[in-house]
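Encoded as structure tokens, the structure appears first; notes follow it.
Rule-based calculations on the coordinates, nothing more; no lab input. From a predicted model like this one, the values you see are computed outputs, not experimental measurements. A quick note on method: Cβ atoms are made from the backbone with ideal geometry, for glycine too, and the neighbour counts reach across all protein chains shown.
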Amino acid sequence: MLSAFILSAAVLYVYWSFRRARERVLFLLTGSLFFIALFSPVYSLYYLLLSALAYAAFRIGRRRGAVAAFLVINLCFFKYYSFLAERTDLFLEARLGVSFFDAPQIIFPIGLSFVTFRAVHFL
């Protein structure tokens with residue numbers, strides 16, 4: 001707990017030392033990814049991918065299709081992956097008698113909805 005407080009204070013101090021907004025944003029993104037990596041390196045990679053997808057959707061343009069695809073990829077994958085994998089496995093087992101699919105349980109990353117909707121706001 002104390003290390004998280006010290007890290008937060010250090011990031012805040014360095015954040016305000018930058019003069020340009022672009023440098024501040026890049027540093028804050030890096031600091032956030034590092035903070036998330038302290039708890040789960042896999043989720044830091046996911047948030048890095050999420051940031052890249054948001055930036056790519058922004059570069060493509062502010063079209064409804066890009067925003068819709070972004071929402072589907074982020075929220076629906078985590079929300080419905082386990083359900084669809086389980087149902088597919090039950091269907092294949094009933095039809096063919098063999099279970100092909102052993103789907104891992106996916107846990108929601110902390111703050112997924114917040115980060116996703118902030119990215120949609122950015123778009």
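Here are the numbers for this structure:
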| read-out | value |
| --- | --- |
| J(HN,Hα) series, region 80-87, from Karplus relation 6.51 cos²θ - 1.76 cosθ + 1.60, nearest Hz, glycine and proline x | 10, 4, 4, 4, 5, 5, 5, 5 |
| Net charge of neighbours whose Cβ lies under 14 Å from the Cβ of GLY31, counting Lys and Arg as +1 and Asp and Glu as -1 | 0 |
| Two-site label geometry, ARG24 and ASP89: point separation in nm, points 7 Å out along Cα→Cβ | 4.8 |
| Gain on full stretching of the segment that runs from PHE114 to ARG59 - 0.36 nm per residue minus C-alpha separation | 17.6 nm |
| Stretch gain in nm, segment VAL98-LEU49, where the contour uses 0.36 nm per residue and the Cα spacing is subtracted | 14.2 nm |
| Computed FRET value (nearest 0.05) for TYR81 with LEU33, which takes r as the C-beta separation and R₀ as 22 Å | 0.40 |
